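Single-structure report; data block below.
The values are calculated or read from the model by the stated rules, or taken from the named source; none is laboratory data. Given the structure is predicted, the values throughout are model-derived calculations rather than measurements. Using ideal geometry, Cβ is built from the backbone for each residue, glycine included, and neighbour counts are taken over all protein chains shown. Ligands, DNA and RNA are stripped out before the accessible areas are found, and what is left, the full protein with its side chains, is counted by its heavy atoms. Shrake-Rupley method; radii C 1.70, N 1.55, O 1.52, S 1.80 Å.
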Amino acid sequence: QVQLVESGGGLVKPGGSLRLSCVGSGFSISDYYMSWLRQAPGKGLEWLAYLSSSGHSVYYADSVRGRLTISRDNAKNSLDLHLSSLRAEDTAMYYCAGTKGSPFYFNHWGQGTLVSVSS
Amino acid sequence: DIQLTQSPSTLSAAVGDRVTITCRASQGISIWLAWYQQKPGKAPKLLVYDASSLESGVPSRFSGSGSGTEFTLTISSLHPDDFATYYCQHHNRYSWTFGQGTKVEIK
């Protein structure tokens with residue numbers, strides 16, 4: 001059974017940075033197209049970053065380009081996110097999601113990890 | 001960038017009602033559209049992809065249709081478990097975009 005579990009969320013000060021991790025079980029993350037998305041409190045879904053199964057294609061949303069890095073650790077079967085220069089607007093639930101089929105959509109999601117940016 | 005606009009933003013319906021949600025794209029996107037259901041405190045769940053293909057395990061009361069710029073998600077007979085927020089989503093080259101969501105409430 002495919003399962004994704006995010007971790008690393010919490011309270012972070014403005015200007016700081018964070019690293020989130022998404023560990024997969026029941027499958028190899030390196031076989032999947034993976035993304036990070038987020039959802040601010042009471043708001044809609046926002047895609048942030050994508051990493052292809054080959055690792056050759058990496059895309060970022062304009063809203064986070066230059067501040068966000070997506071990476072994969074095959075040994076840990078994990079997908080990581082590093083976000084720097086944090087602002088209050090980065091407060092959100094962060095989800096990892098993936099698919100083995102079409103990279104157009106997300107058919108497996110983690111439960112999310114909450115990040116709060118506040119002084 | 002392609003924008004997705006959902007209507008209505010909120011919909012009040014009763015159990016057993018037929019419900020239709022619309023998603024309009026700012027330019028033609030062929031059939032490259034998905035629909036998700038999200039319940040409070042939970043991650044989204046893929047319902048429909050490629051505009052009309054039902055994801056495995058999704059009840060047949062859900063259906064999607066459309067192409068080009070106008071798409072619909074229909075729930076043929078609303079179940080108590082269907083009260084949730086629904087999002088449409090499109091992938092275009094290097095980005096993924098979501099509609100703003102439609103909340104289906106109990107009437």
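Give the residue, chosen from A:Ser25, A:Ser71, A:Ser21, A:Ser78, that is closer than 17 Å to A:Leu114 by Cα, more than 12 Å from chain B (Cβ to nearest Cβ) and at pLDDT 95 or above.
Residue meeting the stated conditions: A:Ser21.
Can you report the number of residues in the range A:87-104 which are more than 15 Å from the chain's Cα centre (by Cα), modelled with pLDDT of 95 or more and not small (Gly, Ala, Ser)?
The number of residues fulfilling the criteria is 2.
Go over the candidates B:Leu33, B:Leu78, B:Leu46 one by one and state the one that is over 12 Å from B:Gly99 (Cα atoms) and buried (at least 21 other Cβ atoms within 10 Å of the Cβ).
Just a single option satisfies the conditions, and that option is B:Leu46.
Answer yes or no: is there a residue in the range B:97-104 that is among the charged types (D, E, K, R) and more than 12 Å from the chain's Cα centre (by Cα).
So far as the range B:97-104 goes, no, none of its residues is among the charged types (D, E, K, R) and more than 12 Å from the chain's Cα centre (by Cα).
Scan (1) under 13 Å from the mean Cα position of the chain (by Cα); (2) within 14 Å of chain A (Cβ to nearest Cβ) for the single condition B:Ile31 breaks and write down its number.
Condition (1) is where B:Ile31 drops out.
So for the range A:107-116 (the condition being open to solvent by 20 Å² or more (accessible area, probe 1.4 Å), in contact with an Asp or Glu (Cβ under 9 Å, 6 or more places away or on another chain), part of a loop (DSSP other than H, G, I, E, B) and at pLDDT below 95), does at least one residue qualify?
The answer is yes; a qualifying residue exists.
Regarding the range A:95-104, can at least one residue be identified that is part of a loop (DSSP other than H, G, I, E, B), open to solvent by 50 Å² or more (accessible area, probe 1.4 Å) and of a type in the set (Ser, Thr, Tyr)?
no
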